[in-house]
Amino acid sequence: MATVGPTTPVELVEEVYRRFPERTDVARRRLGRPLTFAEKVLFAHADDPESLGTNRGIDYADYRPDRVAMQDATAQMALLQFMTAGLPHVAVPTTVHCDHLIQARVGAEADMKSALDVNSEVYDFLRTVSAKYGIGFWKPGSGIIHQVVLEQYAFPGGMMIGTDSHTPNAGGLGMVAIGVGGADAVDVMAGWPFNTRVPKLIGVRLTGRLDGWTSAKDVILKVAGILTVKGGTGAIVEYFGPGAESISATGKATICNMGAEIGATCSLFPYDYRSAMFLESTGREDIAALAGRYADHLRPDPEVEGHPERYYDRVIDIDLDELEPHVVGPHTPDLDRPVSELARCAASEGYPLEVSAALVGSCTNSSYEDIGRAAHVARQARAAGIKVRTPLLITPGSEQVRATIERDGYLEDLEAIGATVLANACGPCIGQWQRDDIQPGQVNTIVSSFNRNFPARNDGNASTLSFIASPETVVGYALTGRLDIDFTREPIPTANGAVRLDPPHADELPAKGFDPGESGFVGPAEDGSAVEVIVRPDSERLELLEPFPAWDGNDFLGLAVLMKAVGKCTTDHISPAGKWLKYRGHLSNISRNLFTGVNNAFSLDEPGTGVDRRDGSIKSLPDLAKAYKEAGIGWIAVGDENYGEGSSREHAAMEPRFMGGKVILVRSFARIHEANLKKQGVLALTFANPDDYERILVDDTIDVVGLADLAPGKPVTVRINHANGKTTEIQATHTMSDEHIAWFRAGSALNVLRRQ
Ligand code: MIC
Ligand code: SF4
């Protein structure tokens, strides 16, 4: 049985490192050239390095990750699926982290108490299911999954998957860490390999040094601006170059974390002395010493740094000396500009200049160094006798960070200027924010150090304009209370005169070491067979899963067009979080939110509505889907570019499947969502000609034909039958391998797994 403790044992790391020399030799022989760091890690974790596909962006390949991590909002569905496989325990070290379900209302202590109460049924389920199947359980309050993983489990050269799109955070410590849906995690927990496309490689060469107001966050905000939200799709973003060493390990993690926002499979930094310092400071001196011995394997070969353009599909250059602090948003993380230009942009775009709330934290930016830099700005304000002009909410990333920043006086600095400290959890980042100061529909501006800013994401109000920046920049805006004062260059006007802020400065690691705080880890039972997992039949929050029906062997004929999404359609549009998080373990209940955030081309007046093709009436999309399902009418949903951007939540794929959806046809998909649809037996198709999107009309019916001959690389014919009797035939492509086609036929990947 897999060993699961509160940290990765050095023996596991040693076993991985022992494979590197031989595996990288195989890779050099097969590729006939030097290797990038990502390639070394991938070959070291290949199920079979001799047959591993090498066509980047084309071949599918099997890997054997070292670990699996799941957070509470996705673990419920993943573990409900795992339970149906009938296995005694997980095959790979696995942990569950309780972080998403805690609502931010008044402050850490009271919010935690009420979360324990409100979510007790779900926490009991996760705790017992973890105990039974050999999974490590991190209690609510222990911190946000990605910070805890970075502090406890990540190691250079390792590979992990996690049921959360920001799993790549661990790339800051040199781990290939990939965000996946629950069904992918089930495969690995059941002892199967992790199957994914051989990633393309984007190299980012960093020169110069980070300094002044500029921080790691600004590197990724700049990269997001360059690559856009879909520019990293299917690629690993590998950072290298002399500038990398000027960034702390947690800063590197910030950059890798937000690689999710550009669609990257994951991002990766090479091992360096800053990684060693972080390992040592978090009690993993043995792993640091071992990594030091294997250091050549934990970075790209020297030739790669010399001529990166020969090895990467694309190379981006960033000079850290030139990089200014940035702000992105609203509504999308790739709309970037330097702080110095925000006043002009805000004036020309008409963004409300007054900031209504400022938020520091999230898995992206809640490290000791992050809070230290924010506190340094706060300390200057405190000394000048000024307070925040807007509410400032702080979420520490882990209990260890919280206890340490409390001990070192950072919390006091922040509270002294008026900040409220929330529980160590996701909180407002995932809409778990009970905000009473703004009415629904009221246009207002917020600034956060989070990673996502899709409409309605934080406070459920699609009219909130959400901007993203570094923690220190966010505190700057909290002090000015306005978007149009560049506090990095100009003094802040106050009642006591103008106050000029010095650039922030803080230790990257605590000089006195980390204070671990209250321990949050619960190990699994020695013998799980006796542990009982309770799912009450009348539960509102948990529901055992019924297998989806197998494909009946017939073409899809006469499908209704449920909706045609216009513009951005993220997983937050498909299956919103916030108040719906409580149904993440109950497929029937959560399906009531299906597509409620979607802007439907056929019913643009109100998001989340659609036209019933039978009588032209307008219904909410979940009601319409249900009505079609009950009437035995199959349906198709149509999407635009990068459909399914954002979260790894497989609910966004299970809900359409459960509600009678047969096909999702889009201009392009985000990686995790496309994989999730395939896993759940939904046909995920892409317009061969993106302009054909325009041809689909509200009263069409759609036929998808030739399904008996589905084959890898072979397009599928889609017939559009218009109400005027005319029919147009178009082609759609897919990325299904033979294995994926078997999932479609069986009804889902889980159905295939159950049979084996
Ligand atoms: C997110 O940031 O969107 C989430 C909430 O962490 C999701 C996971 C989920 O929806 O539970 C993610 O990033 O994958
Ligand atoms: Fe939690 Fe936000 Fe990070 Fe998602 S992005 S894991 S919701 S903190």
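The values are calculated or read from the model by the stated rules, or taken from the named source; none is laboratory data. Quick caveat: nothing in here was measured; it's all calculated off a predicted structure. Cβ atoms come from the backbone with ideal geometry, glycine included; neighbour counts cover every protein chain shown. Keep in mind that these areas ignore ligands, DNA and RNA; they rest on the heavy atoms of the full protein, side chains included. Shrake-Rupley method; radii C 1.70, N 1.55, O 1.52, S 1.80 Å.
Miscellaneous remarks
- Summarising the label geometry, the points placed 7 Å from Cα in the beta-carbon direction at Glu22 and Ala511 lie 4.8 nm from one another.
- Surface per residue (accessible, 1.4 Å probe) for region 429-468, Å²: 31 Å²
- At full extension, Glu11 and Asp59 could sit 14.1 nm farther apart than now, given 0.36 nm per residue minus the alpha carbon distance.
- FRET efficiency, Ala631 to Asn554 (Cβ-Cβ, R0 25 Å, nearest 0.05): 0.90
- Prolate/oblate/rounded call for region 443-560, Cα gyration tensor, a/c under 1.5 rounded: oblate
- Shown here for region 659-747: trypsin sites (Lys or Arg not before Pro) in loop regions (DSSP other than H, G, I, E, B) with at most 11 other Cβ atoms within 10 Å, namely Lys726.
- Between region 1-70 and region 125-173, the Cα center-to-center distance that results, in Å: 19 Å
- Using every pair of separate Cα atoms, the Kirkwood estimate puts the hydrodynamic radius of region 133-176 at 11.0 angstrom.
- Taken over the C-alpha atoms, region 104-170 has Rg and Dmax values of 14.1, 41 angstrom.
- For the pair Ala498 and Arg755, the difference between a 0.36 nm per residue extended length and the Cα-Cα distance amounts to 85.4 nm.
- What region 519-640 shows is 45 Å² of accessible area per residue, with the surface traced by a 1.4 Å probe over protein heavy atoms.
- Its Cα gyration tensor gives region 610-683 an equivalent ellipsoid; the semi-axes, largest first and in whole Å, are 23, 13, 10.
- Across the options Pro242, Val531, Leu320, the greatest Cα extent toward the positive end of the charge dipole of the chain (unit charges at beta carbon of Lys, Arg, Asp, Glu) belongs to Val531.
- Packing, taken as the mean count of other beta carbons within 10 Å per residue, orders the peptides 526-532, 115-121, 151-157, 429-435 from highest to lowest as 151-157, 429-435, 115-121, 526-532.
- Here r is the Cβ-Cβ distance between Ala416 and Arg344 and R0 is 41 Å; the resulting FRET efficiency, rounded to 0.05, is 0.80.
- Qualifying lysines (Cα of each under 17 Å from Cα of Lys679; at least 8 residues distant if same chain): Lys662
- The overall shape of region 293-425 is oblate: from the C-alpha gyration tensor, with semi-axes ordered a ≥ b ≥ c, the ratio a/c is 1.5 or greater and a/b is no larger than b/c.
- Across all C-alpha atoms in region 289-343, the radius of gyration and Dmax reach 17.7, 50 Å.
- Nearest-0.05 FRET efficiency for His722 and Ala295, computed from C-beta distance (R0 51 Å): 0.20
- Ranked by the mean number of other Cβ atoms within 10 Å of their residues, highest first, the peptides 316-324, 365-373, 443-451, 192-200 come out as 365-373, 443-451, 192-200, 316-324.
- Cα gyration tensor shape for region 1-61, rounded if a/c is under 1.5, else prolate or oblate: prolate
- Region 341-399 and region 483-554 have Cα centres spaced 18 Å apart.
- Per-selection Rg to Rh, the chain - Cα, Kirkwood hydrodynamic radius: 0.95
- Take every pair of alpha-carbon atoms less than 8 Å apart whose residues are at least six positions apart; their mean separation over the length of the chain yields a relative contact order of 14 percent.
- Note: region 647-756, Cα convex hull, 112 Å³ per residue.
- Charge dipole magnitude, Cβ of K and R +1, D and E -1 - the chain, Cα centre, debye nearest 20: 880 debye
- Positive-end residue, the chain charge dipole about Cα centroid, Cβ charges, pick of Pro622, Val421, Tyr477: Pro622
- Applying D = kT/(6 pi eta Rh) to region 563-697, where Rh is the Kirkwood radius over alpha-carbon pairs, T corresponds to 20 °C and eta to 1.002 mPa s, the Stokes-Einstein value obtained is 147 µm²/s.
- Computed with the Debye formula from one identical point scatterer per Cα of region 120-278, without solvent, the log10 of I(q)/I(0) at q = 0.09, 0.14, 0.21 Å⁻¹ comes to -0.31, -0.72, -1.36.
- Distance in nm between pseudo-label sites at Asp612 and Lys579 (7 Å out along the Cβ direction from Cα): 2.4 nm
- Dipole of the chain, positive end: most advanced residue of Pro49, Ile220, Leu683 [Cβ charges, Cα centre]: Leu683
- Across region 527-649, the relative contact order, built from alpha-carbon pairs under 8 Å that are at least six residues apart, equals 32 percent.
- Building the convex hull from the alpha-carbon atoms of region 485-627 and averaging its projection over directions returns 20.5 nm².
- Relative contact order [Cα under 8 Å, 6+ residues apart], region 60-149, whole percent: 37 percent
- Contour excess over end-to-end distance, with Cα ends at Arg695 and Ser519 and 0.36 nm allotted per residue: 57.6 nm
- Stokes-Einstein, applied to the Kirkwood radius of region 210-277 over Cα pairs at a viscosity of 1.567 mPa s and 4 °C, places its translational diffusion at 107 µm² s⁻¹.
- Taken along the Cα-to-beta-carbon direction at a fixed 7 Å, the label points for Asp484 and Asp286 span 6.0 nm.
- Dipole magnitude of region 624-756 about its Cα centre (Cβ charges: Lys, Arg +1; Asp, Glu -1), debye to nearest 20: 580 debye
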